[in-house]
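Quick notes on the structure that follows.
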Amino acid sequence: MLDDYQGALEEFDKVDILENNNAITLKTHENVKGSSNDYQRALEKVDKVDILQPNNAFILRTRAKVKKMLDEYQRALEDLHKGDVLQPSNATTLKICGDVKKMLHDYQGGLEDLDKCSWKGQKDVG
């Protein structure tokens with residue numbers, strides 16, 4: 001795979017102009033931003049997607065992962081808890097929540113979430 005993130009970002013900027021506020025384009029743009037370690041701009045893109053598609057557990061999980069990369073652990077947990085209300089006991093949400101809790105030194109809470117995730121048979125959820 002070629003790692004031409006800058007070229008991909010330039011193409012997404014063009015699409016953004018043509019299809020302003022297209023949720024799929026913004027989500028994909030966020031993926032490229034995250035892959036290029038531009039987490040702040042990735043967060044800006046996923047925030048726009050959240051406005052276009054509110055109350056979407058997948059978008060909330062995605063935003064939580066970006067916030068985790070920005071060391072915004074409490075804000076990540078807020079999104080994960082909102083996502084859990086919308087889609088209870090989702091293995092991916094539990095895994096991310098467990099990882100974030102470990103970063104906050106809540107090892108017991110983190111292990112409980114990771115155990116729930118493992119119990120669901122989803123050990124390699126990302």
Show me, for the range 84-98, the HN-Hα J-couplings you get by feeding each phi into the Karplus relation (A = 6.51, B = -1.76, C = 1.60, θ = phi - 60°), rounded to Hz, glycine and proline as x. 5, 5, 6, 9, x, 6, 6, 4, 5, 4, 4, 5, 5, 4, x
Extension reserve of the GLU112-PHE58 stretch, reckoned as 0.36 nm per residue once the Cα distance is removed: 17.3 nm
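Past the 20 Å Cα-Cα mark, which pairs from LYS45/LYS101; LYS45/LYS95; LYS45/LYS68; LYS45/LYS65; LYS48/LYS68?
Distance filter (> 20 Å) returns LYS45/LYS101; LYS45/LYS95.
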Once both label points are put 7 Å beyond Cα along the C-beta direction, the ASP47-GLN74 separation in nm becomes 1.8
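Every number here is computed from the coordinates shown, using simple stated rules; none is lab data. Quick caveat, the model's predicted, so the values are computed rather than measured. Note that each Cβ is placed from the backbone with ideal geometry, even for glycine, and that neighbours are counted across all protein chains shown.
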